[in-house]
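Below you'll find the structure, written out as structure tokens, and then a few comments.
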Amino acid sequence: MIYEQTKQLLSKIKKIKTADIDTIAKQYLKEGVDVSPLYPHIDESGAMFRIYFVVSLKRIKKYEEQIEFIERHFEHLHDWWHVDILIQLLVKAPSFEYVYQKAKKYVKSPLLFVRRWGYVIFLSGFQKDPKLTRDILALFHDDEEYYVQMAEAWLLADLAIYNPEVVLDFIASKPLRYDIIGKGVQKMSDSFRISDEIKAKAKDLRKLYK
């Protein structure tokens, strides 16, 4: 019933936008709708996936239980968008150590988008604490997959906003292939929250890789 209802609601929207999907999710949350019957259909469309995850995760009030829910659905993370919406839905983590130990496993997963999640998970606030920068950077490693490389680049640039000198030292140590560092430097260059001085230093370090 809920599957058919959801399909009908989506079919009425000529050009589906994220706001439209979230409106349906908010309606289901308000009405206490059980979205578990959507599970067999979440691979059919991004809209179905988002409604299922938004409603399910918003109903879970403990971070650890949210993480367990995400882990049970790892095989359904087929797109960067599927991964990146998750950080918007998490409540406050119990500790950095809990997240760090999870991420250590995620970044080594055989599943591409689980590896991406291993980096994106820190963008829920941990990248803002300069004391944690070195620990997070220690998880970075070479990856062949574009979407994982882009997650590393994204996180590298975000870390540089809050602790630029440590990030510059990391880049200078040549720990990663240029595919990743180059993307990270580009994202740093595109950021409005990083000073021109830091951007210039980051760009200058690229010659170490050539």
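Grab the Cα-Cα distance for ALA138 and GLU71, subtract it from 0.36 nm times how many residues apart they are, and report the gain in nm with one decimal.
This chain segment gains 21.9 nm when fully extended.
Once the Cβ-Cβ distance between LYS174 and LYS105 is put in as r, and R0 is 30 Å, what FRET efficiency do you end up with, to the nearest 0.05?
0.70
Considering only protein heavy atoms and a probe of 1.4 Å, how much of the accessible area of the chain is carbon and sulfur, as a whole percent?
Carbon and sulfur atoms account for 51 percent of the accessible area of the chain.
Determine the gain in length on full extension of the stretch ILE2-LYS210; use 0.36 nm per residue of separation and subtract their C-alpha separation, reporting nm with one decimal.
69.3 nm
Enter the Cα centre distance for the pair the stretch 132-198 and the stretch 29-89, rounded to the nearest angstrom.
Cα centres, the stretch 132-198 to the stretch 29-89: 29 Å.
Rounded to the nearest 10 Å², what accessible area does ARG59 have for a 1.4 Å probe in the complete protein model?
Here the accessible area works out near 100 Å².
Using a Förster distance of 30 angstrom, determine the FRET efficiency expected from the C-beta separation of ASP20 and LYS61, and round it to 0.05.
Calculated transfer efficiency: 0.70.
Shape call for the stretch 112-164 from the C-alpha gyration tensor, a ≥ b ≥ c root eigenvalues: rounded (a/c under 1.5), prolate (a/b greater than b/c) or oblate?
Judged from the Cα gyration tensor, the stretch 112-164 comes out prolate (a/c at least 1.5, a/b above b/c).
Taking 45 Å as R0, compute the FRET efficiency from the Cβ-Cβ separation of LYS30 and GLU145 and round it to 0.05.
Once the sixth-power term is evaluated, E becomes 0.70.
About its Cα centre, how strong a charge dipole does the chain have in debye, to the nearest 20, once Lys and Arg get +1 and Asp and Glu get -1 at the Cβ?
Dipole magnitude for the chain comes out near 400 debye.
How charged is the neighbourhood of ASP79? Take every other residue with its Cβ under 15 Å from the Cβ of ASP79, and add Lys/Arg as +1 and Asp/Glu as -1.
Charge balance near ASP79 sits at -2.
Tell me, what is the 1.4 Å probe accessible area of GLU144, in Å² to the nearest 10?
The value for GLU144 is about 140 Å².
Give the angle, between 0 and 90 degrees and rounded to the nearest 10, that separates the Cα long axis of helix 63-72 from the longest principal axis of the Cα atoms of the chain.
Between the helix axis and the principal axis of the chain, the angle is about 80 degrees.
Is the C-alpha gyration tensor of the stretch 54-110 telling us rounded, prolate or oblate? Criteria: a/c under 1.5 is rounded; beyond that, a/b larger than b/c is prolate, otherwise oblate.
Judged from the Cα gyration tensor, the stretch 54-110 comes out oblate (a/c at least 1.5, b/c at or above a/b).
For the pair ASP196/LEU10, report the inter-label distance in nm, with labels modelled 7 Å from Cα in the Cβ direction.
4.8 nm
Which sequence of VAL107, VAL33 reflects their accessible areas, 1.4 Å probe, from the largest down?
These residues rank, largest area first, as VAL33, VAL107.
Helix 46-59 sits at what angle to the longest principal axis of the chain, using alpha carbons and giving 0 to 90 degrees rounded to 10?
90 degrees
For the chain, take the longest principal axis of its alpha carbons; what is the angle in degrees between that and the long axis of helix 178-190, to the nearest 10 within 0 to 90?
80 degrees
For the stretch 83-200, please report how many Lys pairs fall under 20 Å Cα to Cα, leaving out neighbours fewer than 8 apart on the same chain.
Close lysine pairs under the 20 Å cut-off: 15.
Would you work out if the stretch 129-210 is rounded, prolate or oblate? Take a ≥ b ≥ c from the square roots of the eigenvalues of the alpha-carbon gyration tensor; rounded if a/c is under 1.5, else prolate when a/b is larger than b/c, oblate otherwise.
Here the stretch 129-210 falls in the rounded category.
With an 8 Å Cα cut-off and a minimum separation of 6 or more residues, compute the relative contact order for the stretch 1-144 in percent.
16 percent
The values are calculated or read from the model by the stated rules, or taken from the named source; none is laboratory data. Note that the coordinates shown come from a computational prediction; the quantities given were computed from them, not determined experimentally. So basically every Cβ, Gly included, is an ideal-geometry build from the backbone, and we count neighbours across all protein chains shown. Areas reflect the complete protein model, heavy atoms only, side chains present, ligands, DNA and RNA absent. Shrake-Rupley method; radii C 1.70, N 1.55, O 1.52, S 1.80 Å.
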